[in-house]
Every structure is written in structure tokens, then in C-alpha cells.
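Notes to accompany the following structure.
The values are calculated or read from the model by the stated rules, or taken from the named source; none is laboratory data. It should be emphasised that the depicted structure is a prediction, and the values quoted were computed from it without experimental measurement. So basically every Cβ, Gly included, is an ideal-geometry build from the backbone, and we count neighbours across all protein chains shown.
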Amino acid sequence: MACTLRNSTVCAALAGMVFAFPAFAAIDVMTITSERTEGNLQEVPIAVTAISQEDLENLQIYEATDLQRYTPSLNMFNNITSPTNLSPSLRGGLQQDASLITAESPFGIYIDDVFVGRLNGNNVQLTDIERVAVLRGPQGTLYGRNTAYGAIRFITRTPDDEFWLNADVGAGNYDQVRVNGSIGGPLGDSWAGSFSAQYNTKDGQFFNVATNEDTNEQENIAARGKIRYRGSDTFDAQLAVSYVESENDSNPLVKGITPNVPSNCADFPSGVCNPSAGEIAQFTTDDLVWLNGEYNVNTPVVQLQPEPPVGSLGDRPRGKTEQSIVSLNLAWDLFDDRLTIKSITGYVGLDDYFHTDFSGNTGDPNQFFGFTGASDIKSDQWSQEFQAIGSIGDRLDYIGGIYYLNEDGDQNFGWNGSNLVLDDDGDPNTPPAFFPGFNPVSGSDLSVETKSIAVYGEASYNFTDRLKGTAGLRWTEDDKDFNALFTSFIGIPQTTVPLEGKWSEWTPKFALDYQFDTSGAVDSMLLYGSAARGFKGGGFSAIAIFSPADFAVYGPETNWTYEGGLKGEFFGSTLRTNLAYFFSEIEDIQQNSTTEVQPGIFGFPVQNSGDAEIQGLEYEITWSPLD
């Protein structure tokens, strides 16, 4: 369940109520383009949470992960590698191997209608955002890329004939400072432009007992420029360029004890190290202590080093991300606005580098079994989408589109071991092999090329003034080529592993909605039901530490989602409630797993692990009792 505050709003959840007291006022009518056509939020037969620019500011939603506080069924957490990398879930749809170049997201993230495929660096800094819409459930008949479990649309502010200048400064604990600014307005008879920027920094909120220093420091810079040209009343062109740079400590981990492997507490403070309880590090009552062990190297892991301008990150667990997005949106209105033709061209560039320390050790030579890793990702994604949006008569509305995506991605992995202990023969009667000191274990050079093409369409027909039916269909084809060069430093020959996968799928959608005749305290009431099929593309398992056998192909994941909902407004539109129930049948669900690739050697591939069912009840309520 989620709650949204608008104006002076009371947000009521099942667990309690939050009151704001600044004469009754109608809740603002939110016009959204969730169906790629403009419409009132309460008249759209989709479970959707829409948040305006004013609400983003009032609710202190500064980055993508903050949306989960006000959106049902949405969880957006930082990946362990970096606070800018996401590990998201929407209605139970999970992202496997979120930090890898080979995986697909469970839902689509769109910035100015451009799909952003990589979750690395995608904890979007919400700079000069006009509105956000979170659509739940499969949306493939409306959007360019696969959206198996939903879509999140970020629409940036569009410059027009009105001049604006905004600036704000905020501060918080851990020496956090946030500075935002934006300016925009007309540049001539047919031109308008805008520019926005943001800077955010925060000291570490965890203390590393191994190195006696704070960890989890963050520093982010974001900027966006936008140019708009309106040559006539029927043509609109918008060019946007954005850049985000983040440098952060990796998220800290608690290190567990490996059974039957010796360990000690050398160099740890009293009360932190307790192997008998199954942990090397734990929270203390005096301070929030979450050990992230000393990185323990002065040279990059397996000589892995980011190229300029990223540069070296030193010898602590740390990451740096640079993301660039360019979008060109063209729109032509034809036949007295009965038809709109759109072209959406997008480029997304990503450089992502991180050190991660899984050891939980202090670097003492007597401490056993720890891992550190490093990864360097480069991705270039191009996409082109054409849409036709229109109506025939007074009863039929439609949208159709063609979508193409090409992504070239490279990722280098390096793994080091600290006093590594390996049971390489699987015989419990023989002692495990011991690799003393800090040694390289393996490295992987990965490349993947993705080509995707899709054709989609959806039509809605008004049988009466109150009853409407919707049907849509999508065809998707994904073609992927993968290559891995695996280098081992513990006796396995260097190996090249080429893999490929090609998948296609038809995904339909059906919906029916009814607008009730209302009177008295009820201002509007919409009842709807839908059934839609979602498609999440296949990919490649790409984490190989000990054996190239870990590289493998896994297939697509599909789902049928059935949904029913009721949307209403009451008491002069001062109270709004939205209720939705969904039931999803998932086939060939993609799951991380642990496998024994050879005696005593384990791998962690993604596999299609059978079927699953997920159901849930979502409820949103907005109350605006005061003006």
C-alpha cells in the first residue's frame, strides 16, 4: 500500500494516519500519459501511481529508490556494489544479477520516453522532473521495450513560453549537502530551452572497524539540458541531454563464517568478532558497526583498472558511475489532431566501475577465506521507436508502434582471494587446499550484443458512454551474442566461451472497464478488469569465479497477470481511493542458484527454475481536507 500527499493532504494507511493542517479543497486532477495518450488518472484501467513535480518536492523524493515509499508493490534497493546501482522488484518480479551486463530488468525504466536498460547507475537523481508514473503489470502493448512487470516513466520539465528560475539548498545528518537549480524559458519565437543541475554529497554512515574509518560515503553530480522547437501548431521537437556522475563507497556487508574453516578475531575490537555465533562482524550496542573488510591491495584486482577519465579508485571498496542519455522526440499532429506520429530516438552510454570486498577480514595473515572483486562495465545503447496515436470516430482510440534496440556491452571481472581454502577433490578425508596470502583467483572478459525488435498495438472501443473494452498485442524478438574469456590463476587453462540466444514471443492484453453513474458523495467510480501477458528476455549467467562451466544460457521468463481494480473520488473530489488485486502465473522463473560444478567447487548461475504464482492487494488513499 502507498500514500500520496497533495497540497494539504491527509495520507491514511491501514497502519495509521498522518495529518497535515495548513476549508476542503478538491484533489488536483492528475493528467497522465500512462497509456501513451493523455487521460485522467482515475479514468485509466491500469494500476498506476502518478506523482507530480510539487509532490516530489513536498515528499522529499530525491532519487529513484525514494519512490518505493509511496508506490504499492515496488521495492527499489541499492545493489551491494554501489548506492547508484539498483536491485529492483515490482509485484514480485526480480532482477537477477543486477550488476551484470547480461541481465534484463523486470520492468522498464523510461526517461523522456527513452528506455534505459542497465540498472547500473540507474538510481536516478530526480533533477527537474515534471512527473513520475509507476505502471504496474505488463505494459508491452504500449511501450517499446519489454515491460514484464510494469514501467516507471520519468518525464523531465519541458521548456515553454514561461520563464522560470528555481534553486534550493538542503542539509542533513552525516554532513549531507544537496544543491539543486534549474532555469528555463523562451529563446525566440519558436524556441525554448532549459538547464538544470544537482550536487549531492554525504559522509559515511557506517564505521569500518578494520580500517578505523567511516564508509558508505557518497557524492553525485547531475546535469540536464533541453531544447524545444515548435515550428508550427502541429510540430514539436525536443532534444534533451543529461549526464550523471556518481562516486560512492560500495555498500557494506556482514561476513559469515564458513563451516570447518578456521578463523580468528585478530585486530577486531571486543564485541565485534564472534565466530561461535556464526559471524565475523555484527552490530554493536554502542555504535552502528557494519564491517566492510580492508580491501588489502595496492594494485587493481587481477590488474583490472578503469580507463580515464574514471581513473583509479584506490584500495578501498568503492565505485564510480558515469551515465549519459541523449533523446530526440519529434511529434506531428495530423488531420485536426486525430492522428499523432511520433519518433523517439535515444542513446544511453554507461561507464561503471566498482571494487567490492566480500572478505570481512582485517588483513591479518591468520584470517581465512575472503574474496574481493572488481568490475568494469561499458555499454552503448541505441534505440529507435515510431508511434502512431489516434482515434476513429468518437468511440475508437488506438496506438501502434515499432521499436528497435541495439546494445553493445563489455564487462571485465576480477576476483582475488585472501588465504583461500578450497576443497578441490571433494574428499572429506583429505584436508582442503590452502592458498596463503592475497592471491588472484580468476578474471573474466565479457562482451554481449543485444538486438531487439518489436511491433505492438492497442485499441480501446467505447461500447457505451460508460463501458469500454481494450485489446492489444505485441510481438518481440531478442537476439543476443555473448563471449567470455576466462582466465584462472589456480590451474585451469584460459578458456573462451561463446554463447548465443534468440527468443521471440507474442504477448496479448485484454481489459474491460465501466464508469459508474454517480451522485451524492460519490464523484466518480471506475471498475476494471484485465488480463495481460508479460515477457522478460533470456540472458547469460556471467559470474564465474572458479570454472568457465558457470557461463551458461538461461531462457525467457513469462507471466500471465490477472487484475481487477476499483478507483473512486468522493466528497467533492477531496478523497481519492484506488484498490487493485492482481494474480500472476509465472513460467520459467529466472532465479539465482548454487550448483556444484565439480567436487568442492561451486558456481552461482542464473537458471530457469520452474513456475511460480504471486498475488497481492494494493491500496492507495489520498485525502485533501484543507485548502
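Could you check, for the range 504-512, whether at least one of its residues is more than 28 Å from the chain's Cα centre (by Cα), in a strand (DSSP E or B) and under 24 Å from Asn578 (Cβ atoms)?
yes
List pairs: first in the range 534-550 and within 21 Å of Lys509 (Cα to Cα), second acidic (Asp, Glu) and in a loop (DSSP other than H, G, I, E, B), Cβ under 8 Å, 6+ apart or cross-chain?
Lys536/Glu104; Gly537/Glu104
For a quick check of your reading of the model, give me the residue pairs whose first member lies in the range 553-576 and is within 22 Å of Ser519 (Cβ to Cβ), whose second is in a strand (DSSP E or B) and at pLDDT below 90, with beta-carbon atoms closer than 6 Å and at least 6 apart or on different chains.
So the pair list comes out as Glu569/Asp523; Phe570/Val522; Ser573/Asp523; Thr574/Ser624; Leu575/Trp623; Arg576/Thr622.
When only residues in the range 319-343 that are within 21 Å of the chain's Cα centre (by Cα) and either among the aromatic types (Phe, Trp, Tyr) or crowded, with 18+ Cβ neighbours inside 10 Å (or both) count, which is farthest from Asp397 (Cα to Cα)?
Residue satisfying both the conditions and the ranking: Gly319.
Please indicate, with yes or no, whether at least one residue in the range 513-529 is within 27 Å of the chain's Cα centre (by Cα) and either assigned to a strand (DSSP E or B) or modelled with pLDDT of 95 or more (or both).
No.
Restricting to the range 544-558, what's the tally of residues that are farther than 16 Å from Gln494 by Cα and in a loop (DSSP other than H, G, I, E, B)?
Residues in the range 544-558 being farther than 16 Å from Gln494 by Cα and in a loop (DSSP other than H, G, I, E, B): 2 in total.
If you check Phe489 against the conditions, is it within 30 Å of Lys567 (Cβ to Cβ), touching a strand residue (DSSP E or B) at 6+ places or on another chain (Cβ under 8 Å), of a type outside the set (Ser, Thr, Tyr) and surrounded by fewer than 17 Cβ atoms within 10 Å (Cβ to Cβ)?
No, not satisfied.
Out of all the residues in the range 363-380, is one or more over 20 Å from Gln411 (Cβ atoms), under 25 Å from the mean Cα position of the chain (by Cα) and either part of a loop (DSSP other than H, G, I, E, B) or at pLDDT 80 or above (or both)?
no
Being in a strand (DSSP E or B) and farther than 18 Å from Gly443 by Cβ: is that true of Ala484 here?
no
Take the range 71-82 and flag every residue that is modelled with pLDDT under 90 and not polar (S, T, N, Q).
The answer is Met76, Phe77, Ile80.
I'm checking my understanding of the structure. Among residues of the range 586-627 that are among the small types (Gly, Ala, Ser) and at pLDDT below 85, which one is surrounded by the most Cβ atoms within 10 Å (Cβ to Cβ)?
Restricting to residues being among the small types (Gly, Ala, Ser) and at pLDDT below 85, the top hit is Ser624.
Would you tally the residues in the range 452-478 being of a type in the set (Asp, Glu) and either crowded, with 20+ Cβ neighbours inside 10 Å or closer than 19 Å to Gly390 by Cβ (or both)?
Counting residues in the range 452-478 that are of a type in the set (Asp, Glu) and either crowded, with 20+ Cβ neighbours inside 10 Å or closer than 19 Å to Gly390 by Cβ (or both) gives 2.
So how many residues does the range 113-152 have that are more than 25 Å from Glu219 (Cα to Cα) and of a type outside the set (Phe, Trp, Tyr)?
Matching residues across the range 113-152 total 19.
So which pairs qualify, if the first residue must be in the range 198-219 and more than 17 Å from His355 (Cα to Cα), the second must be at pLDDT 75 or above and among the hydroxyl-bearing types (Ser, Thr, Tyr), the Cβ gap must be under 6 Å, and the two must be at least 6 apart or on different chains?
Gln198/Thr127; Lys202/Tyr174; Asp203/Tyr174; Gln205/Tyr174
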